[in-house]
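Step one of this worksheet: look at the structure below.
The values are calculated or read from the model by the stated rules, or taken from the named source; none is laboratory data. Since the structure is predicted, the reported quantities are computational estimates derived from the model, not experimental observations. When we count neighbours, we look across all protein chains shown, and the Cβ atoms used for this are built from the backbone with ideal geometry, even at glycine. Keep in mind that these areas ignore ligands, DNA and RNA; they rest on the heavy atoms of the full protein, side chains included. Shrake-Rupley method; radii C 1.70, N 1.55, O 1.52, S 1.80 Å.
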Amino acid sequence: NIGLDQEFFFVPRSAYARRMDLQMTGRTVMGKLPPRGQEMSDHYMAPPNQVALECMKAIQDECYKLGIPLRTRHREVAPNQYEFAPMFGYATSQIDQNLMVMQICDEVSSRYGLACLFQEKPFAGINGSGKHNNWSVGTPEGCNLLNPGQTTKVTGNPEVFNAVVACIVSGVDKHGDLMRMSIASPGNDFRLGCMEAPPAVMSTYLGPDLTKHLEAYMAGGTADYKPSSRMLSAGLENIAAFDVPAEDRNRTSPFPYGGCRFEFRAVGSSQNVSMVNTVLNTITAEAFASYSSALESGKSPKDINMDLLNKHFKVVFNGNGYSEEWPEEATKRGIWRIDSAVEAMKTTSSDKNVKLFENMKVMSKTELEARENIMFVHYYGMVEMEALSMIDMIVQQIVPAVASAGMDTSALTAAAKTVQDKLAAVHHEGDDYKKAVIARELRLEVMMEARDVCDAAEAACPAHLWPMATYKELLFLDSQQDGNGNTTVMGQY
């Protein structure tokens, strides 16, 4: 089973129409930050913008007609950022339905004068968007194997839940490279490790309750795990305190246990999560198969659990995944850390991973090599579109605007040439992997330097001469609408 939290941005369509980069690539390749961002958390805590709310209602209505129940809708952290979450279900149907939801969001939003952005990082300086993949594994009869009470009741054996967790922990430790590969979407280049999404370190969070239980279990304690609860007070006399589970996922972990499920938080918002769940299911199936073989050889469940946990517990990290120290500590522990998306893609057809997928009869070496190559082509193709958009915006829009203001344009012209030259290097290379490596340098080094030049020009150029929609115009629906919800102040200061 999976449940997918789908995050996205709504921006005024009139402003979207004045951004070549958003239209061509889904993200802004330049843009000076506005005076206000998400510092006050006012967007996160506020009721939805009324136009956005009506749009979301219409999206839910269209989805419901197709049998897709989007159960929740709410604002998210960044200005103009929102989220839908459906009722969980079988992975195959949920993946297909999520793709339909994205298409419906794109189509319906235009009726309300909005454009829906699914790219992971459409704007610099504020949070990007994810598609949190809430994953659990169960039996055909409906027993959720990650629900300790339910599992123990159905099986009569408290060792079963420990066995399931031990298998999953071992899978994360052994195959963190594949988990990193599965989230290596181009947009995640700018999102992972930016205090809004976990870093490119594949660890898991079990929480203090479960961790304490397993540590005691490894020291010879009881097998029976009973999650505790705590009383939560609203701090108001007229609202009574209420009981909540002690288990809660850690937002800084890429793969936290949150009670009855693991949440793969590092997944990107634009992704088709087929590969994500293929990886999770395959590494878990391999662990279960290995466990079964050990049982059949005569080992006891307790001994197998202890072996797995003692060997792989290093991958459990309950601390702050956003801390600067954690990636270095993870490296010392021997946990998978692959900072480059391109290098993560390259692990798809490694000997270890070919053996995994072939032994589990999921994919052949040929299929894995083909998928790996497609990922390279997708990556450098996306970067090419971004680079060409940046060049056109500089040459055709920014240089004329800045020149009309009597400002020097030499730095802008030089920046465009630098991007063009690096893009030529991508085109000149014949090997797809090497093209992707060069494209990553173009994107994260050359284009970032060119962006600094463009953003400085925007800061100095008179507002009435700037030729494209600004972050201020794109990000604040509430302040850009009249009493009827019409966006009437685009381009006005």
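What to note about this one:
- With a Förster radius of 51 Å applied to the C-beta separation of Asn310 and Glu237, the computed FRET efficiency comes to 0.55.
- Overall, the accessible surface of region 291-428 at a probe of 1.4 angstrom is composed of carbon and sulfur to the extent of 54 percent.
- Folded to 0 to 90 degrees: helix 432-441 orientation relative to the chain principal axis, Cα: 60 degrees
- Relative to the longest principal axis of the Cα atoms of the chain, helix 159-182 runs at roughly 30 degrees.
- Distance between the pseudo-spin-label points of Ser292 and Lys434 (7 Å out from Cα toward the beta carbon): 4.5 nm.
- Sites Arg251 and Glu39 - FRET efficiency at Förster radius 25 Å, r taken between beta-carbons, to 0.05: 0.85
- Relative frequency of Cα-Cα separations exceeding 29 Å in the chain, percent: 55 percent
- With an a/c value of 1.5 or above and a/b not larger than b/c for the gyration tensor axes a ≥ b ≥ c computed over the alpha-carbon atoms, region 120-258 is described as oblate.
- Our summary gives region 192-270 a relative contact order of 35 percent, counting only alpha carbon pairs under 8 angstrom and 6 or more residues apart.
- Positive minus negative residues near Ala450 (Lys, Arg vs Asp, Glu; Cβ under 12 Å): -2
- In straight-distance terms, cross-link reach from Lys311 covers every one of the lysines whose alpha-carbon lies under 28 Å from its own, apart from those fewer than eight places away in the same chain; here that gives Lys174, Lys212, Lys226, Lys299, Lys302, Lys332, Lys346, Lys352, Lys355, Lys361.
- Sorting 336-349, 26-39 by average packing, meaning the other beta carbons within 10 Å per residue, from highest down gives 336-349, 26-39.
- For the chain, calculated [θ]222 nm from helices alone, where every DSSP H run of n ≥ 4 adds -39500 (n - 2.57): -15000 deg cm²/dmol
- Label zone (Glu445, point 7 Å along Cα-to-C-beta; backbone nitrogen cut-off 20 Å) within region 341-359: 341-346.
- Dipole in debye (nearest 20) - region 373-493, about Cα centre, beta carbon charges: Lys, Arg +1; Asp, Glu -1: 100 debye
- For Lys65, the aspartates and glutamates whose Cα comes closer than 16 Å to its Cα, not counting residues fewer than 8 places off in the same chain, are Asp96, Glu107.
- Peptides 390-400, 221-231 ranked from most to least packed, by the mean per-residue count of other Cβ atoms within 10 Å: 390-400, 221-231.
- Ranked by the mean number of other Cβ atoms within 10 Å per residue, highest first, peptides 368-379, 203-214 order as 203-214, 368-379.
- Each Lys and Arg contributes +1 and each Asp and Glu -1, all at the Cβ; summed about the Cα centre of the chain, the dipole is approximately 500 debye.
- Using C-alpha pairs under 8 Å with a sequence gap of at least 6, the mean separation divided by the residue count of region 81-204 gives a relative contact order of 18 percent.
- Local electrostatic count at Cys143 - Lys and Arg +1, Asp and Glu -1, tallied over other residues with Cβ under 14 Å: +1
- Cα gyration tensor category, rounded, prolate or oblate, for region 370-493 with a/c compared to 1.5: oblate
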